Amino acid sequence: MALLVDGPELTRLSPRHEADRERVTRLVRELRASNVQVHRAVLAELSPRVTRWVRGWLGPAVDPRDATQEALCQIASALHRYRGRSSLATFAHRITYRVVARARKRARSHEPLGDHPLVGDDDPGRRAEQRRAAARLYRHLDRMNERRRNALVMVELLEMTPKEAAELAGTSPSAMRNLLMHARRELRERLRRDPAFGDRT
Amino acid sequence: MTRDPQSRDLDALLDAARAELREPPDFDPTALVPAASLAGRARHRRRTAGRLAAAAALAGGALAAVAVLAIRPSPAPPAVVAERGRAAPVANPSPSVLDEPAGVPSPSRAGEPPEATSRTTFRTRMVDGRHVLVVAPGAGLAIEDASVGARVRLHRGAALFDVRPLDRGERFEVVTPHGTVRVLGTVFAVASSAGGLSVRVFEGRVAVERAGGRTTLRAGQALGEGHGGIEALEPFGRRAAATRRRGRPASAAPRADTGGTSAAAEPTLADARGWIASGEPARALEEARARADGASGTRWRGVAADALRALGRHREAAAAFDALARDAGDADRARFGFLAAELRLRRLADPSGARVSLHLAGVTSPSSPLRERGLALELEALDALNDHAAFEARAAEYLDAFARGSRRAWVRSRRAAHRAARERADRATAHPPRALPRPR
């Protein structure tokens, strides 16, 4: 089918680009008609990205599999509602964020494990240190103001531009940059109070 | 311009987290696509069916039924059904045969999931407009209209059944060459192969009748050797079971029970830690205790201690961490000791016990990787005990070793307070109140 062959990935098509508009219209039509081939192709394109978003939002302490599967399932059941007003990636990211928010609430429903690493594997080397550092960052992130946390995750970890992050969060790019500035300030303050960090020269 | 240390720390942490995200996940995301596509579209169809039914009811018309997918009738081979020792040849079952098209890969060996390729399909079917079947690739089954409900004949392969609660007198049966499964409203998977019958229950109860007798399986139980189709159907089953329980987590992995062994994979340490993180510490504790004497026993004991902590059983958790510190190697001893001490001080209001945990594990020794945190924790304990002399000694050690440590301001402030209190106590000792003069 031509829609699946011509041009850039389906999930990157944007109604803002004139060259993409015709394909977006065809994509909307095929998804509304529940075209299985297009449905599967879209999900296949999205699955690595959804996985990355889920890992970015949840952090290394939570197994991302269930949330990834639930997000893909919800995206699959919502594709017929896609109207082409944004890219499919943005459409899917919004759904993923809602799934992740519920997953985080479930993860917080038990007593927090405190400001220290879980008893874990003793992986030697760089990867173990990297993982521990990431876990430490997320422990601080999970205690931050939610909007600032989201700004930091989107821009610093998921490497979105402030404009893309603003679109996802439903705010303006300048408000997003402001949130980011406050987020970094809050995190620096938390690190200053973290007894694990002695001063480094 | 020199950047402040916290900015450098923050950048280092962000770099580590970004690098961690760039590492590939420990599962294949594309393998989730076929199941998600089927489940998502089935969900959409059910919602549509619900809305149509509501609209029809509002309009006062007949109920709308949802036709699910195109059916390709093809002749089915006669099936011999063994049921309670009786063998009854069945010829030409009803035309609702749902054989998978040729060329779709089937599970090649028991226990291996079907290969996830773009041609792998999981089909969803409705039975009686209420019950949902998810048919694994390579399965062959037929749906019959029985006088007392629905009957599905599973010739080969595996399928998942999400059966709505049945009316009084109604039955739902899955008939295989090796036995019959009867249900009362449940979620379960059945696989039939040359090797026999496998059943796994995710929610509710089923009765399995074979030549050897009848077995009742409850949620979490399984029967028979593992089958690749069943493993592949596990996500559907867990999700359906969780939905039935209104959002509570899906049921535990099935375990071996009467009449057979389950080939379900053993949970890993990562699974158990994930249960703690997702609000199922009791499940993690049960698994950890069962595995504490086997391979990786120390790590499982660590998971058990973490699970106890998450359950709020702080005293037991502290004791578990202390025991781990005693048994652990150098690399872990300080960490377990610190965890025990932290629980004793902050949760059990036992500063003396906390100090004992720290010292027994050598947390504050010069070679300890957690020396700064250990000293800071011990100072909190000494502060709570109001032990001025010991606080002074430890504070001096902390400030000497960690002159720019992050707790320095607190340590200096409390040291000053303890000095002042000690001076007052010394003055009271050196100059006791004079005895009153005797009246002349």
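The values are calculated or read from the model by the stated rules, or taken from the named source; none is laboratory data. Quick caveat: nothing in here was measured; it's all calculated off a predicted structure. Methodologically, a virtual Cβ is constructed for each residue, glycine included, from the backbone with ideal geometry; neighbour enumeration extends over all protein chains shown. For accessibility, only protein heavy atoms count, side chains too; no ligands or nucleic acids. Shrake-Rupley method; radii C 1.70, N 1.55, O 1.52, S 1.80 Å.
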message: When the residues of region B:1-41 are narrowed to those that are farther than 16 Å from A:Trp53 by Cα and assigned to a loop (DSSP other than H, G, I, E, B), which ends up farthest from the other protein chains (Cβ to nearest Cβ)?
response: B:Met1
statement: The number of residues in region A:74-108 that are within 14 Å of chain B (Cβ to nearest Cβ) and within 14 Å of A:Pro48 (Cα to Cα) is 3
message: Scan region A:166-174 and tell me whether some residue there is over 17 Å from the mean Cα position of the chain (by Cα), assigned to a helix (DSSP H, G or I) and over 15 Å from B:Ala17 (Cβ atoms).
response: yes
message: Cβ-Cβ under 7 Å, sequence separation 6+ or interchain: first residue in region A:176-188 and closer than 14 Å to B:Gln6 by Cα and among the acidic types (Asp, Glu), partner in a helix (DSSP H, G or I) and open to solvent by 70 Å² or more (accessible area, probe 1.4 Å). Which pairs?
response: A:Glu186/A:Arg148
field: Failed item, numbered, when A:Arg40 is tested on (1) open to solvent by less than 40 Å² (accessible area, probe 1.4 Å); (2) assigned to a helix (DSSP H, G or I); (3) within 11 Å of chain B (Cβ to nearest Cβ)
entry: (1)
message: Suppose we filter B:Phe321, B:Phe338 for residues that are of a type in the set (Phe, Trp, Tyr), modelled with pLDDT of 90 or more and in contact with a Phe, Trp or Tyr (Cβ under 7 Å, 6 or more places away or on another chain); which single one remains?
response: B:Phe321
- line: If you go through A:Thr51, A:Thr25, the only one that is hydroxyl-bearing (Ser, Thr, Tyr), modelled with pLDDT of 80 or more and open to solvent by 50 Å² or more (accessible area, probe 1.4 Å) is A:Thr25
query: Any chance region B:359-375 includes a residue that's under 26 Å from B:Gly297 (Cβ atoms), modelled with pLDDT of 90 or more, more than 9 Å from chain A (Cβ to nearest Cβ) and open to solvent by 60 Å² or more (accessible area, probe 1.4 Å)?
result: yes
statement: Selection over region A:130-162 where residues are free of Cβ contacts under 8 Å to residues at least 40 places away in the same chain and not in a helix (DSSP H, G or I) yields a count of 3
field: A:Arg148 vs. criteria open to solvent by 30 Å² or more (accessible area, probe 1.4 Å), over 16 Å from A:Gly56 (Cα atoms) and not polar (S, T, N, Q)
entry: no
